[in-house]
1. Just name the residue that is modelled with the highest pLDDT out of those in the stretch 385-395 that are farther than 23 Å from residue 312 by Cα and assigned to a loop (DSSP other than H, G, I, E, B).
2. Suppose we filter the stretch 307-327 for residues that are touching a helix residue (DSSP H, G or I) at 6+ places or on another chain (Cβ under 9 Å) and more than 15 Å from residue 375 (Cα to Cα); how many remain?
3. Identify the single condition in (1) assigned to a helix (DSSP H, G or I); (2) crowded, with 20+ Cβ neighbours inside 10 Å that residue 361 does not satisfy, given that it satisfies every other one.
4. Identify, by number, the condition in (1) touching a helix residue (DSSP H, G or I) at 6+ places or on another chain (Cβ under 7 Å); (2) in the same structural domain as residue 424 (by TED's automatic domain parsing); (3) not in a helix (DSSP H, G or I) that residue 219 doesn't meet.
5. Checking residue 285 against (1) in contact (Cβ under 8 Å) with a residue 60 or more places away in the chain; (2) touching a helix residue (DSSP H, G or I) at 6+ places or on another chain (Cβ under 7 Å); (3) farther than 20 Å from residue 181 by Cβ, only one condition comes out false. Which one?
6. Which ranges mark the helices (runs of 4 or more DSSP H) fully within the stretch 225-306 that have 1 or more residues being at pLDDT 90 or above?
7. For the stretch 308-323, give me each residue that is in contact (Cβ under 8 Å) with a residue 12 or more places away in the chain and part of a helix (DSSP H, G or I).
8. Within the stretch 364-380, can you find the residues that are over 30 Å from the mean Cα position of the chain (by Cα), buried (at least 18 other Cβ atoms within 10 Å of the Cβ) and not in a helix (DSSP H, G or I)?
């Protein structure tokens, strides 16, 4: 061995810096062992996690199974203990309900049977005394008849009630019926818009007379005679009513100026003859004091609340008293009354517009508005009184603007007709007063006749 080799072996730096082949092989084996160890740890971890998950799932599944089995056993235990009591309670309730229904059914059957027995007893007694009652009703001379009460249940449930030939309706004492009743007896309606003609009324009377003629009803002759007499009396009442209407229309159509002058001159006498102490002074205010007051306010004529209230008192005192209207008018505002009356007076001769301007006030209708206009312009707008409406338009009293315009046209035409003779000039308001005076004179004569007849009856 040389010196150089010996020196290299003794030098530690050279020995460490130059690795040998054995060292590399050992390092490689060591690395492989570390990798194998890591892979083992990893595989062991995966296996452990999988086993743990599987165990946990199994444990959960077992606990769920145990809980479901335990719940089912608890529910079955509760069902065996409470279900029997519930079913027994339901069965008991069902039995009680069936028993109650059976009792109610038996009570209803008993009630129906009791009613049938009462009905049979009543029918037997009625049939027993029916002939005696009919004989008594035929022989009675005082005219008092007591009718059967056919509104009771036994008349409605009786089988013989449907056949009118099995019983006789006793004739009733004559009574004072309304005209609507008489129209209904003939099968007519008095509320129809267009009034019936004489031919229509006669045709209805003939039909009813033929229906209830005794010769046509041999099975129930007495009942037919009573109905036939009722039809005859109703027809006579309707004829008398239409005759009175025609008389009034003939009086309105009359062209005798002397008769109209006489009726107009009797106006104040009729006013004073009425049993109303305040009426003469109120009529004097309306006819003689109010018109000059209204004309003095030209070019802006108007009426005050006080004057309107006094006018309303005159209207209600002369006609039908309605205190509510007087309260409404007395509470009106002064400026509102003044404005409405100014517009109304300036609207003339357009009567329709003037009436519409006044009727905006509370308590003032077409009739009161016509009284206000008649005080200012009596030749254009007459007062809408009940008596004049009946005389001019028949038996219709509709307090509407449309009806008032028809009324104004008729009275203006009559005023022109009476003034055309040249003897005296009539206004529409003069015609209204004459008609009112004539109607009041007839009422007074009728009342006096009634008083005389009552006195005669008392003397008897």
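1. Only one residue fits best here, namely 394.
2. Here is the first cut: in the stretch 307-327, the ones touching a helix residue (DSSP H, G or I) at 6+ places or on another chain (Cβ under 9 Å) are 307-320, 322-323, 325-326.
Now drop any that are not more than 15 Å from residue 375 (Cα to Cα), which leaves 316-320, 322-323, 325-326.
The number of residues fulfilling the criteria is 9.
3. (1)
4. (2)
5. The failed condition is (1).
6. Working: elements: 257-265, 267-273, 279-284, 290-296.
Filter on the stretch 225-306 gives 279-284, 290-296.
7. First pass over the stretch 308-323, keeping only residues in contact (Cβ under 8 Å) with a residue 12 or more places away in the chain: 308-315, 317-320.
Of everything in the stretch 308-323, those that are in contact (Cβ under 8 Å) with a residue 12 or more places away in the chain and part of a helix (DSSP H, G or I) turn out to be 308, 309, 310, 311, 312, 313, 314, 315, 317, 318.
8. Answer for the stretch 364-380, where residues must be over 30 Å from the mean Cα position of the chain (by Cα), buried (at least 18 other Cβ atoms within 10 Å of the Cβ) and not in a helix (DSSP H, G or I): 377, 378, 380.
The values are calculated or read from the model by the stated rules, or taken from the named source; none is laboratory data. None of these values were measured; they are calculated from a predicted model. Every residue, glycine among them, receives a Cβ derived from its backbone with ideal geometry; neighbour counts consider all protein chains shown.
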